[in-house]
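Remarks on the structure that follows.
Derivation of every value follows stated rules applied to the coordinates shown; laboratory data play no part. Model, not experiment: these values are computed from the prediction. Cβ atoms come from the backbone with ideal geometry, glycine included; neighbour counts cover every protein chain shown.
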Amino acid sequence: LFDQLEHWQWEASLAPKVAGTRNMHEVLPTDMDFFVVLSSVAGVTGRPAQVNYTAACAFHDAFMHYRRSRGQPGFAIDVGVVGDAGFVSESPAVFATMKRQGFPFISVAELLATLDYVLTARGLECQAVLGLVPDAGVKEPDRFEQRHISHLVQDSARFAGAELDDNSGSGSDHIGKIGRANAVEEAVEAVGAAVLDELSKLIIMPVDQILLHRTLDSYGVDSLVVVELRNWVVAMLAADISILVIRESRRIDNLIQLVAS
Ligand SMILES: NC(=O)c1ccc[n+]([C@@H]2O[C@H](COP(=O)([O-])OP(=O)(O)OC[C@H]3O[C@@H](n4cnc5c(N)ncnc54)[C@H](OP(=O)(O)O)[C@@H]3O)[C@@H](O)[C@H]2O)c1
């Protein structure tokens with residue numbers, strides 16, 4: 001989230017895409033055959049947990065429009081989540097989050113095919129968005145309700161009546177126990193079990209391997225996962241706990257106590 005970003009985090013994320021692209025633009029000859037940047041679908045949809053990355057991608061897109069307006073080649077491929085190579089495929093927690101949030105995955109082969117097309121395209125377009133529309137049967141209410149992208153989804157009938165492919169009922173056994181608890185200790189225990197259950201799904205690790213005295217950081221939990229955990233805690237446990245508090249919890253059992261209280 002923007003107000004929780006350190007300045008260095010903002011700079012580090014923008015530098016390769018903004019300074020890097022501008023450097024190329026200034027140093028390379030003006031009559032290049034092609035000038036292609038790998039941006040992200042995040043620059044189109046927005047992503048609250050990655051505003052620095054999102055801004056950098058939006059810059060990429062805008063800069064390619066700028067180059068084309070000057071009669072220079074320029075094309076931004078707004079890459080969706082790549083499942084078989086690159087950062088997401090190498091980060092299990094991020095991979096799992098993207099899956100759970102219903103992002104469609106694309107393959108390297110699809111990316112290369114798009115690149116092939118872009119290198120030879122002579123049309124006016126300068127931006128292709130890959131992996132925005134979800135797979136058939138997966139409903140994405142939040143993203144597609146945003147006005148700036150809803151018009152991109154023309155086949156809206158495809159989503160009508162589609163089942164929400166998430167685990168919104170996850171942890172319901174434990175949650176039922178919270179309601180039935182006769183003592184505070186019993187409720188805390190059920191809250192703990194529910195939180196651990198959810199965490200184990202988010203980081204793809206069996207519950208019995210998550211140690212309560214350790215921090216979320218030590219399990220590679222990043223800001224995307226924290227946002228998802230927080231949304232789940234608010235929705236399922238009705239505990240309005242901030243992202244910052246979750247991030248700064250020194251131990252997982254402290255976090256559970258806080259949610260329970
Ligand atoms: N993977 C995805 O699912 C996905 C989705 C959407 C968009 N994209 C876009 O696709 C591109 C490649 O992503 P990836 O997943 O392949 O990333 P990656 O595996 O992390 O590779 C990033 C590459 O960028 C280089 N790099 C990073 N910071 C740099 C800096 N400050 N200056 C110069 N080079 C720098 C790295 O160099 P070193 O190897 O030397 O560190 C590495 O070669 C990115 O532009 C990303 O925004 C990827």
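Overall, the chain carries a charge dipole of about 500 debye about its Cα centre when +1 sits on the Cβ of Lys and Arg and -1 on the Cβ of Asp and Glu, all other atoms neutral. Between Val37 and Phe75, Ala76, Ile77, the built amide H atoms are under 5 Å apart, and every one of these is 5 or more places off in sequence or on another chain. Taking amide H atoms as placed 1.01 Å from N in the peptide plane, the amide H of Val129 lies under 5 Å from those of Asp78, each 5 or more residues away in sequence or on another chain. Distance between the pseudo-spin-label points of Ser69 and Leu1 (7 Å out from Cα toward the beta carbon): 3.4 nm. In the chain, the DSSP-assigned H stretches of four residues or longer account for a calculated mean residue ellipticity at 222 nm of -14500 deg cm²/dmol, using -39500 (n - 2.57) per stretch and the full residue count as denominator. Among Gly102, Gly131, Gly179, the residue with the largest mean-square fluctuation in a Gaussian network model of the chain, with springs joining Cα atoms closer than 10 Å, is Gly179.
Computed from backbone phi, the HN-Hα couplings of the stretch 109-119 come to 4, 5, 5, 5, 5, 5, 4, 3, 4, 5, 5 Hz, rounded to whole numbers (Karplus: 6.51 cos²θ - 1.76 cosθ + 1.60, θ = phi - 60°; Gly and Pro given as x). Taking amide H as placed 1.01 Å from N in the peptide plane, the amide H of Val81 sits under 5 Å from that of Ile106, each at least 5 places away or on another chain. Extension gain for the segment Asp208 to Ala113, taken as residue separation times 0.36 nm less the Cα-Cα distance, is 29.9 nm to one decimal.
Applied to the stretch 18-24, the Karplus parametrisation 6.51 cos²θ - 1.76 cosθ + 1.60 on θ = phi - 60° returns per-residue 3J(HN,Hα) values of 7, 5, x, 5, 5, 4, 4 Hz, with x for Gly and Pro.
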